[in-house]
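The values are calculated or read from the model by the stated rules, or taken from the named source; none is laboratory data. Bear in mind the structure is a predicted one, so any value in this text is a computation, not a measurement. Note that each Cβ is placed from the backbone with ideal geometry, even for glycine, and that neighbours are counted across all protein chains shown. Accessible surface areas use protein heavy atoms only, side chains included; no ligands, DNA or RNA. Shrake-Rupley method; radii C 1.70, N 1.55, O 1.52, S 1.80 Å.
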Amino acid sequence: MRECVACRAGEPAPFYGGLLRCTNCRHVWAGVDIRDDELRELYRRNYFFGEEYTDYVADRAALEKNFARRFATLRRFLDRARHRRLFEIGCAYGFFLNAVRSEFDTVEGIDISDDAIRHARETLGLRVRLGDLLDQDFDGRQYDVVCLWDTVEHLEAPDVYIDAIAGRMPAGSVIAITTGDIASVNARLKRERWRLIHPPTHLHYFSRDTMRRMLDRLGFDLVYARHCGFYRTIGSMLDGVSRAQNGLKRTTRWIQQTPIARWPLYLNLYDILYAIAVKRSPGGPCADS
């Protein structure tokens, strides 16, 4: 992709780590051409068990703590009488949907991982879809709340996906997004060593400004944009360290067999952007980009 998803400007300039940066708004993305079938292959079961995550299902308690904190923030922008239908793009194994299902009349989701969708359907009994959002027939269904938790960076064209679901969101609907903030102090200090730079799974690197630009262009007003922390189990943190330091593998392997591995710890490195935006009425004001 050569056109900026945030502002739709043309030719980008080379950035560090083999990335590209828009010369107009400074949005950053990976100059990777990847086919749809190749993208789906990245998110097979191994992605959640050994590649990106140590054991996604075993870490459920820590993940649910993350979702509880995020929903506590999101709830402040919701009207219980108005926001009753929630949809999650990139719902994975369904832990977020399961945690908030009692808060809404309906909760639905979609993911391209067949193993994850099977778990969400068969184990949690959720209404979820397997496939690409752009290929779906929603049969006129509308949604008041849409969430993309740590998902937007994985999409080759995130603006296209948000625009597609925006067509099913009435004015006043709320969209919530978390993703890495490449303008954060941590990212600027680490540069290509920043832990969230790893194409082809992470393709886009937003900042608060470029997120605002993209959402504004798609008809949303940004109402919240701050950094959020996250819970991770000791086991998953040690697994990440051991991959970087091979000499620690024996020690971490021993700890992984103990209950300590499942203990969650809260971290805030101030490099995860949490953005919430409200859909404007048709013909509403649009800020200059």
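Assorted remarks:
- CYS7 being buried (at least 16 other Cβ atoms within 10 Å of the Cβ) and touching a strand residue (DSSP E or B) at 6+ places or on another chain (Cβ under 8 Å): no
- In region 31-67, the residues that are part of a loop (DSSP other than H, G, I, E, B) and of a type in the set (Ser, Thr, Tyr): TYR43, TYR53, THR54, TYR56
- Any hit, region 8-20, residues being assigned to a strand (DSSP E or B), out of contact with any Phe, Trp or Tyr (no Cβ under 9 Å at 6 or more places or on another chain) and farther than 19 Å from THR179 by Cα: yes
- The residue of region 44-57 that is modelled with the lowest pLDDT, among those that are touching a helix residue (DSSP H, G or I) at 6+ places or on another chain (Cβ under 8 Å) and crowded, with 17+ Cβ neighbours inside 10 Å, is THR54.
- Qualifying position, being crowded, with 16+ Cβ neighbours inside 10 Å, among the aromatic types (Phe, Trp, Tyr) and in a strand (DSSP E or B), among PHE87, PHE96: PHE87
- Residues that are part of a strand (DSSP E or B) and surrounded by fewer than 19 Cβ atoms within 10 Å (Cβ to Cβ) within region 223-236 comprise VAL223, TYR224, ALA225, ARG226, HIS227, listed in sequence order.
- Region 174-222: number of residues that are part of a helix (DSSP H, G or I) and open to solvent by 50 Å² or more (accessible area, probe 1.4 Å): 11
- Put simply, of ARG70, ARG129, ARG101, ARG82 the only residue that is assigned to a loop (DSSP other than H, G, I, E, B), in contact (Cβ under 8 Å) with a residue 12 or more places away in the chain and open to solvent by 10 Å² or more (accessible area, probe 1.4 Å) is ARG82.
- Any hit, region 24-40, residues being farther than 29 Å from GLY131 by Cβ, open to solvent by 20 Å² or more (accessible area, probe 1.4 Å) and either among the acidic types (Asp, Glu) or touching a strand residue (DSSP E or B) at 6+ places or on another chain (Cβ under 9 Å) (or both): no
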